[in-house]
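Novice: Have a look at this one before I ask anything.
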Amino acid sequence: MIETRLLRQFIAVAEELHFHKAATRLHMAQPPLSQAIARLEEKLGFSLLRRNRRGVALTPAGADFLHSARRTLATLEQGIEQARHIAQGLAGSLRVSSLSLAGYPSLLASLRGFRQALPEVRLELRELPSAEQLKGLLGGDIDLAFMRELPLPEGQIASRLILDEPIVIALPHDHPQAQAPEVDLRELANDDFVFTPQALGSGYHNQLMALCSAAGFTPKVVQEVARVQTQLGLVGCGFGVALVPRSMADAVLQGSVAYRPLRAMGTQPGPSIGLYMNWHRDNPSPQLQRFMALLDAGLPKPDAAVQKACATATGP
């Protein structure tokens, strides 16, 4: 093993070609410097310098080794700087999951703002059902999850509501209620429903079932599919109706599916469903801490062109 200190001492001597000047540059006495170069040559097994009365000169091997020493120290310094940036949350990666990025242009714009603020941090984006996101958080595979409400292990997962959006009813375009200003859910008691499975998000699933129960019926579920996009595709093909977040109305199948607001029941406000930002309380990721700090301070907003592009990409 060759110490980096020896490499720095050799580079100083090789550049100065004078032991006294190199020692002055290194803030050390000349005899210890001469001894250090001799130790380096002994470790390498060949001479780096020719010493004579006229001064010091590099041997051919010494000249070649000078290039290697410079590259080695430069690579080491770059590695130290990169590691320092990662430790400070200025580089590295942030693993983010979401139900569907396409449905949330505001979320996309926030991620874009984070990317602009910290361009050396690589965003690793994954689209997953809420239940899978929770597994990823608990297993340490995900740093930040945007998901529906779920029963969370006490004390392990921190959660913040970031969006509360209305629930709408998705109808085939030729459904009798497709043109209604709003739909009374009770009038759909005899309709077929398309749902996502409870296993993929029990909180979301149970909330929609409770909504139907409050309307006086248990929905007749004829199909269960994992993705909301597939769910709405089946609605468009006439398999049934579906209760979905309002954001989906901006993103999926506007032509073949009609999205209508639900009429409030009695004095209760219209039904809504939350999107939550979740993270593991014990996650030490400095990139996650940077994201949270930027979020609390107000993430930098992308310019107008970027915001328009995000909205267009997630539109109908």
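Novice: Output yes when any residue across segment 194-203 is surrounded by fewer than 17 Cβ atoms within 10 Å (Cβ to Cβ) and farther than 18 Å from PRO129 by Cα, and no when none is.
Specialist: Scanning segment 194-203, I find no residue that is surrounded by fewer than 17 Cβ atoms within 10 Å (Cβ to Cβ) and farther than 18 Å from PRO129 by Cα, so the answer is no.
Novice: Now, a different point. Within segment 103-129, count every residue that is in contact with a Pro (Cβ under 6 Å, 6 or more places away or on another chain) and open to solvent by less than 40 Å² (accessible area, probe 1.4 Å).
Specialist: 2
Novice: Kindly indicate whether any position in segment 233-243 is at pLDDT below 95, part of a strand (DSSP E or B) and open to solvent by 30 Å² or more (accessible area, probe 1.4 Å).
Specialist: Checked segment 233-243: no residue is at pLDDT below 95, part of a strand (DSSP E or B) and open to solvent by 30 Å² or more (accessible area, probe 1.4 Å).
Novice: Only residues in segment 224-237 that are in contact (Cβ under 8 Å) with a residue 24 or more places away in the chain count as the first member; pair them with residues that are among the polar types (S, T, N, Q) and outside any loop (DSSP other than H, G, I, E, B), Cβ under 9 angstrom, at least 6 apart or cross-chain, and list the lot.
Specialist: Sorted first by the residue in segment 224-237, then by its partner, the pairs are GLU224/GLN198; GLU224/GLN231; VAL225/GLN231; GLN231/GLN223; LEU234/GLN223.
Novice: What pairs can you find where one residue is in segment 140-159 and crowded, with 19+ Cβ neighbours inside 10 Å and at pLDDT 90 or above, the other is part of a loop (DSSP other than H, G, I, E, B) and of a type in the set (Ser, Thr, Tyr), and their Cβ atoms are less than 8 Å apart, with a gap of 6+ or different chains?
Specialist: Correct list of pairs: ASP143/SER285; PHE146/TYR104.
Novice: Is there a residue being more than 30 Å from GLY92 (Cα to Cα) and touching a residue at least 40 places away in the same chain (Cβ under 8 Å) anywhere in segment 27-42?
Specialist: no
Novice: Pairs under 9 Å by beta carbon, first residue within 12 Å of ALA14 (Cα to Cα) in segment 58-73, partner of a type in the set (Val, Ile, Thr) and assigned to a helix (DSSP H, G or I), six or more apart or different chains?
Specialist: From segment 58-73, the pairs are LEU66/ILE11; ALA69/ILE11; ARG70/ILE11.
Novice: A follow-up question, please. Is it true that VAL96 is part of a strand (DSSP E or B) and more than 19 Å from LEU7 (Cβ to Cβ)?
Specialist: Spelling it out, VAL96 is indeed part of a strand (DSSP E or B) and more than 19 Å from LEU7 (Cβ to Cβ).
Novice: Assuming HIS85 fulfils every condition listed in (1) modelled with pLDDT under 95; (2) within 46 Å of the chain's Cα centre (by Cα); (3) not in a helix (DSSP H, G or I) apart from one, which condition is it?
Specialist: (3)
Novice: Does HIS18 satisfy the condition of being open to solvent by 60 Å² or more (accessible area, probe 1.4 Å), in contact with a strand residue (DSSP E or B) (Cβ under 8 Å, 6 or more places away or on another chain), free of Cβ contacts under 8 Å to residues at least 40 places away in the same chain and not acidic (Asp, Glu)?
Specialist: yes
Novice: Another question, then. For ARG115, which of the numbered conditions (1) part of a helix (DSSP H, G or I); (2) in contact (Cβ under 8 Å) with a residue 60 or more places away in the chain; (3) not aromatic (Phe, Trp, Tyr) fails to hold?
Specialist: The number of the failed condition is (2).
Novice: Looking at (1) open to solvent by less than 40 Å² (accessible area, probe 1.4 Å); (2) under 34 Å from the mean Cα position of the chain (by Cα); (3) over 14 Å from LEU7 (Cα atoms), can you tell me which one LEU73 breaks?
Specialist: In the conditions (1) open to solvent by less than 40 Å² (accessible area, probe 1.4 Å); (2) under 34 Å from the mean Cα position of the chain (by Cα); (3) over 14 Å from LEU7 (Cα atoms), LEU73 misses (3) alone.
The values are calculated or read from the model by the stated rules, or taken from the named source; none is laboratory data. Only a predicted model underlies this, so the values are computations on that prediction, with no experimental measurement involved. Ideal geometry is used to build each Cβ from the backbone, glycine not excepted, and the neighbour counts take in all protein chains shown. These accessible areas exclude ligands, DNA and RNA; they are computed on the full protein's heavy atoms, side chains included. Shrake-Rupley method; radii C 1.70, N 1.55, O 1.52, S 1.80 Å.
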